[in-house]
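So the structure is just underneath, and the comments pick up after that.
The values are calculated or read from the model by the stated rules, or taken from the named source; none is laboratory data. Keep in mind it's a predicted model, so treat the numbers as computed, not measured. Because the Cβ atoms are built from the backbone with ideal geometry, glycine has one as well, and the counts that use them run over all protein chains shown.
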Amino acid sequence: MSKLKYLKFFFIILICVNFKAYAINQNQYLTINKLVEAENINQAFNDLKLLQKNSNKLSARSQILIGKIYLAMEKPGKAFTFFEKATFTSVSTDDLAYAGMALSSVKLGNLTDAKKYAEKALKENPDLVDARLALAYIYADYGKEKTSDNYFKEAIIKSSNSLSSIRAFATVKMRQGKHKEAKNIIENALLEKKPDGPTTDLLGKISWITGNLDEAIRLRTKASEMFKKAGNTERAEKILLWLNTTVPEKKIHNKNKKTTKPRQNKIKKEQTKDKKLTKPKKNYLKPQTQPEEIFVNKNKPTSTGSGVILNNGKWVLTNKHVIENSSYIIVRNGLGKVREVERVKLPQNKYEDLAILILKNAYPENYSLSINDIKEPDPGEQIYVMGYPMSSILGRYNPSISQGIVSKTSGFGETSGEFQITAKINLGNSGGPIFNKKGEMVGISVGKLNKGEILKKDGYIPEDVNVGISGNVITNFINFSLQEKLTQREKYDATQIYKIMRPSVVFIVSQ
């Protein structure tokens, strides 16, 4: 049974059994909270369930712990509900409840409310760590790095250098692309603190991202052992799975290093030549200092995805599965400007995973791609994927970019209208544009292989196999819906792709 289903089952049992309410004391609260901070969610849940087994009511502390568990499970909407309930259950824990509401609101993208709740929490308890962490996240998202850093440092001091606060600080630095600084934050902390599984694992991930493969494997192996010793077998097994699929690849890479080096030099030379040949024909549009906020109903489930602006700023193209069965959709582009969706157009062919979002108020025309900017992918050409993957972790304001090549001009099982790419795609990339080096859109991201199913069936995990919907399918869909030809846009060199295309890429939130 999954953690979420298990949690729901537990709450149903609590309601059905008629016993007296049991109030968790401070020591019990702190013990379970430490498990949550150590990312041992299963153990935290089991201990909480054991304490509440003879009660049909949840105390305020229990509600706060459940909120923290939901936050750790990336369910901020449900987390907010339990934090809010705690404010009605007891005034003695209002500081913790408001801080939890602030952290939940940050993950929901509602920074105004998040700031309000964090300030309320600090008014109740000036020493509260979670409230400072919430403010640190808020100012990081606002682009006010110095203020954010100060709040992180205060949180670390107030928490007596807790590793969970240190990881939070390092994670934001990683999101800002400052991996060396993130590594220094953790390593300096570990001079005085005993390392734990989550912190060692994060340090291993930083090493992997920065290309120190041997160190990454060593640290993540150590982290797996730490998780196992702490009883967190789920995390330990996930790392082992990563190690079992990564170590062989690394050996192959080292073995072929000498033979591939001359070719790598040649590619770099060609890329340098391309830079001289191509010059941007317009100024880059800078993002807003403070992006406009996205407001959602905290009591409804939320899904996110990516899209691209078309039709002189009037439309956003995305995948149908991103917005399917939604009654409310809102988007924000890479410059931080928000628009609401008025209605949705879907293809007549129910198997086409495409949708056009018609905006209430159009974006400026120069944010839009034109139909002449869309083409079919060519096998072997270099491509760039833009979008908002894993937004609750990597951020909701700045689009990400990953690169690869078109490995095949058909999808899984030779599916026509799709193509395979080697660029990384993660949850949230769906609907995001795929550009070639000239800035032409060759398709949009749609999915990736289910590695778990393939591992179960064939005994191995494939890497770097992801899928896009081809440009010709998109143009057929758009032409069916178009009343007039779209405005022509210039083409740009790959080195300017991110800055030039940023205004055209949108973050989609639907409920």
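Anything in the stretch 149-191 that is more than 27 Å from L30 (Cβ to Cβ) and in a helix (DSSP H, G or I)? List them, or say none.
D149, K173, M174, R175, H179, K180, E181, A182, K183, N184, E187
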**Asked** Scanning the stretch 306-346 for residues that are surrounded by fewer than 24 Cβ atoms within 10 Å (Cβ to Cβ) and among the polar types (S, T, N, Q), which turns out nearest to the chain's Cα centre (by Cα)?
**Response** S326
**Message:** Restricting to the stretch 154-180, and then to whatever is surrounded by fewer than 15 Cβ atoms within 10 Å (Cβ to Cβ) and more than 27 Å from G231 (Cβ to Cβ), can you tell me which residue is farthest from the chain's Cα centre (by Cα)?
**Reply:** I157
**Request:** Taking only the stretch 371-384 into account, find how many residues are surrounded by 17 or more Cβ atoms within 10 Å (Cβ to Cβ), out of contact with any helix residue (DSSP H, G or I) (no Cβ under 8 Å at 6 or more places or on another chain) and not aliphatic (A, V, I, L, M).
**Result:** 1
**Item:** Residue selected from the stretch 195-212 under the condition in a helix (DSSP H, G or I) and in contact (Cβ under 8 Å) with a residue 40 or more places away in the chain, by the criterion surrounded by the most Cβ atoms within 10 Å (Cβ to Cβ)
**Value:** G197
**Request:** Name the residue, out of R132, R175, that is of a type outside the set (S, T, N, Q), within 26 Å of P76 (Cα to Cα), in the same structural domain as K115 (by TED's automatic domain parsing) and at pLDDT 90 or above.
**Result:** R132
**Request:** Determine which member of the set Y6, Y29 is hydroxyl-bearing (S, T, Y) and modelled with pLDDT under 55.
**Result:** Y6
**Fill in**
Checked the stretch 78-100 for anything over 26 Å from the mean Cα position of the chain (by Cα) and not charged (D, E, K, R); matches are A86, T87, F88, T89, S90, V91, S92, T93
**Prompt:** From the residues in the stretch 385-408 that are among the hydroxyl-bearing types (S, T, Y) and part of a strand (DSSP E or B), which one is surrounded by the fewest Cβ atoms within 10 Å (Cβ to Cβ)?
**Reply:** S407
**Prompt:** For the stretch 135-148, what are the residues that are surrounded by fewer than 18 Cβ atoms within 10 Å (Cβ to Cβ) and either modelled with pLDDT of 95 or more or of a type in the set (V, I, T) (or both)?
**Reply:** T147
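For every residue, the table says whether it meets (1) more than 21 Å from L427 (Cβ to Cβ); (2) part of a strand (DSSP E or B).
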{"site": "E293", "(1), (2)": "yes, no"}
{"site": "N299", "(1), (2)": "yes, no"}
{"site": "G305", "(1), (2)": "no, yes"}
{"site": "H321", "(1), (2)": "no, no"}
{"site": "V344", "(1), (2)": "yes, yes"}
{"site": "N349", "(1), (2)": "yes, no"}
{"site": "E376", "(1), (2)": "yes, no"}
